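K.L.:
Below: one structure in structure tokens.
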Amino acid sequence: MTHPRLDPITTEYLLLGLTIERAFPGFVDAYHGDPALKAEVNAAPVPEPAALLERARAFEASLEGADIEPERIAFLRAQARAMTTMTRLLAGESMPYTEEVASLFDIDPAWTPESTFDAAIADLDQLLPGSGDVRERMVAWRDRTVVTPEVAREMIDRISTETRARTARLIELPEGDEVEFRMVTNQPWSGYNWFLGNGKSRVEINTDLPIRASGLLDLIAHEAHPGHHTEHSLKEQRLYHGQGWGEYAIQLINTPECVISEGIATLAAGFIFEEGEGAAWMAGHIYPMADLPADPERETGIARAGAALRAVGANAALMLHDRGASEEEVIAYFMKYGLDDETRARHRLSFIADPLWRAYIFCYHAGRDLLAGWLDQSANQSEREDRIRRLMLEPITPGGVRN
């Protein structure tokens, strides 16, 4: 495929991102630009951290007065600040964890009061079947729909067909749009989208943890349609190939674009299903594939009450990296407020302890809350859908949404 001619600013942006990846593997989540640029970076020696920091600062400074479209400047400034922060850390600079999160993601890494979780757990106590310990009942509720990877694969095929069809009614998908699903092991996440370029993605589902049919709709919507895959493929088509904006030939982990991306993905199922509709569709089309018990009304209520617990992971990360808590204290926190069993709690700990993901945990609930608030300001459903399409097609930053 022919790649568009790039301006000097975005050429350096791509080269800098690919070079940081050499020093910190995982920083580049996806690259689908001109392979010659990547070959150029890979042929050079791995840079010294101090030199990389100087280069990042020079790029950030070059954006002042840059002769490119004004709507792109805010996006590139936010991304550049995160790149400078990454190189400061690589150069050995020490900074408080909260400063690290704020500088990488353009958000406020605030502690969520535990009274918020207590209120949600009290609601769950009323909604969950049975009586007694809420965590044990929540684990039992989740486990009622555990299926084998083989059955899960059949369910995923049916769910992904439905979510893609509904997404296509919301927004026009690019030619060649395609998602492949694979089962994998030994990963710190439950599911992951690898965007391959040219409108194609590979979504991997981690089978180390039990696969619950009840979670598959959110997972597939999050990773594929209308979540990560849809956003990446549309921005690739419209902004990179369509307008020659080179910054959309790459996705960078630990930058503000991740807050927007995770906000989109975390809300994705709600873009194409009204509240309660998804649970009812699953009860009618997916649960019968494995003779699973279905209670869509209760499931909708439990999901609504449990939404506040999304912030538990961020609090746990603050405990671990900012407040000096031990790993066992963090595991206990996940079990108490996240209502996790020990296996799942330890898996969640491995994510927030990972050097690549330690700050990333904030993207999920912060992105969701930020975008949900903005979408809820819509005057009607038509305006809401227009705003969803803007998220998929325009350069938007967390600061831009707040303002």
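The numbers here are math on the coordinates, done by the rules we state, and not lab data. In this text the structure is predicted, and so the values were computed from the model without any measurement. FYI the Cβ positions are ideal-geometry reconstructions off the backbone, even for glycines, and counts take in every protein chain you see.
K.L.:
Please give the peptides 200-208, 170-178, 223-231, 375-383 ranked by average Cβ packing (other Cβ atoms within 10 Å per residue), highest first, as a rough proxy for protection.
P.N.:
On the way: 200-208: 18.9, 170-178: 15.0, 223-231: 27.9, 375-383: 10.7.
Taking the mean over residues of other Cβ atoms within 10 Å, the ranking is 223-231, 200-208, 170-178, 375-383.
K.L.:
Let me ask you something else. Mind checking the angle between helix 149-170 and the chain's longest principal axis? C-alpha axes, 0 to 90 degrees, to the nearest 10.
P.N.:
60
K.L.:
Roughly how tilted is helix 49-62, in degrees to the nearest 10 and between 0 and 90, from the longest Cα axis of the chain?
P.N.:
80
K.L.:
Sticking with this structure for a sec: Kirkwood hydrodynamic radius of the chain from all distinct Cα pairs, in Å?
P.N.:
Values: mean 1/r = 0.0452 Å⁻¹.
Over the chain, the inverse of the mean reciprocal pair distance is 22.1 Å.
K.L.:
Further, regarding this structure: Would you grab the residues whose amide H sits under 5 Å from the one on ASP29? Only those 5+ places off in sequence or on another chain, please, with H modelled 1.01 Å from N.
P.N.:
Residues meeting the criterion, in which the H sits 1.01 Å from N, are GLN251, LEU252, ILE253.
K.L.:
What is the packing order of peptides 74-81, 129-136, 262-269, taking the mean over residues of other C-beta atoms within 10 Å and listing the highest first?
P.N.:
The packing order, highest mean first, is 262-269, 74-81, 129-136.
K.L.:
Here's another thing I want to ask about it. Averaging sequence separations of C-alpha pairs under 8 Å and six or more residues apart, then dividing by the length of segment 114-402, give the relative contact order as a whole percent. Let's see the in-between values first.
P.N.:
Numbers: 391 pairs, mean separation 64.4, N = 289.
About 22 percent, as a whole number.
K.L.:
Here's another thing I want to ask about it. Between the alpha-carbon centers of segment 208-265 and segment 18-40, tell me the distance in whole angstrom.
P.N.:
Here the two parts' Cα centres lie 18 Å apart.
K.L.:
A further question on this structure: To check you understand DSSP bridge types, tell me what percent of the beta bridges within the chain (both residues inside) are antiparallel, rounded to 5.
P.N.:
That works out to approximately 60 percent antiparallel.
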